[in-house]
Amino acid sequence: MNNIFTPTEAAAIVQIPTKRVYKELEYAIVPSSNPPRLPFEALVYLRALKEVDFTFSVDFRTVLYERLVDAIARKSTSLEIARYFILQLDAISNELLELINRFNRWKEGLVTNQGIMAGETVFLNSRLTVRHIGTMLERGESKENIREDYHYLSEEDMEFALIYTRAYPIVGRPKKF
């Protein structure tokens with residue numbers, strides 16, 4: 001897989017705080033470029049860390065990442081970390097690939113047009129911005145309440161609006177009109 005992700009995209013897809021991704025880059029556990037970009041293997045690593053929910057030392061995480069990259073390159077389906085501690089690489093990889101593919105297909109149905117909501121990305125055939133829905137979800141609004149006002153949104157719209165909002169945060173100063 002040749003996908004490369006920004007730290008914010010990686011954090012949104014894996015559903016961890018962006019700060020956690022930057023810490024892995026800062027400690028050089030995940031090799032970095034300028035600007036920072038992460039390969040698919042880094043997403044598998046980050047997802048595994050999220051699921052395990054243990055705190056490991058920097059040295060252990062570095063070795064874990066290197067072994068994980070090597071195992072994926074060899075097309076191993078699992079990676080034994082310690083006795084009774086085995087990562088199912090194929091399951092993690094397949095889950096992430098499916099999510100990324102669904103997310104990319106979903107994004108194809110969005111509209112970005114300077115004439116609609118000043119170029120902010122909106123749902124097809126509407127003036128409803130993806131960021132508006134994602135922000136509502138991020139602030140804790142229930143999907144049921146959102147659906148009362150926007151009945152045409154699908155479950156996938158809700159799921160991916162949150163990922164989209166986290167993956168593509170507003171950066172810089174607001175546009176002047």
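The values are calculated or read from the model by the stated rules, or taken from the named source; none is laboratory data. Fair warning: this is a prediction, and the values are worked out from it, not measured in the lab. We place every Cβ from the backbone using ideal geometry, glycine too, and count neighbours over all the protein chains shown. With ligands, DNA and RNA removed, areas are computed over all heavy atoms of the protein, side chains included. Shrake-Rupley method; radii C 1.70, N 1.55, O 1.52, S 1.80 Å.
Remarks
- Burial order of peptide ranges 28-38, 98-108, 144-154 (average beta-carbon count within 10 Å, highest first): 28-38, 98-108, 144-154
- Separation in nanometres of the label points that stand 7 Å from Cα toward Cβ, at Glu155 and Gln88: 2.1 nm
- Computed extension gain for Arg139 through Ile116, at 0.36 nm per residue and net of the alpha carbon distance, reaches 5.8 nm.
- Rounded D (µm²/s) - the chain, Kirkwood Rh over Cα pairs, Stokes-Einstein at 37 °C, 0.692 mPa s: 183 µm²/s
- Percent RCO, i.e. relative contact order, over the chain, from Cα pairs under 8 Å lying at least 6 residues apart: 20 percent
- Taking the centroid of alpha carbons for each part, segment 135-164 and segment 91-125 are 14 Å apart.
- Net charge of Cβ neighbours under 13 Å - reference Pro17; Lys, Arg +1; Asp, Glu -1: +3
- Accessible-area order (highest first, 1.4 angstrom probe) of the listed residues Met117, Met136, Met158: Met117, Met136, Met158
- Ratio of Rg to Rh over segment 16-107 (Cα coordinates, Kirkwood Rh, two decimals): 0.96
- For the pair segment 1-31 and segment 46-77, the centres of their Cα atoms are 13 angstrom apart.
- Estimated FRET transfer efficiency when R0 is 25 angstrom, pair Ile4-Glu148 (beta carbons, to 0.05): 0.05
- Rounded FRET efficiency, nearest 0.05, which uses the C-beta distance separating Val63 from Lys107 and R0 of 41 Å: 0.70
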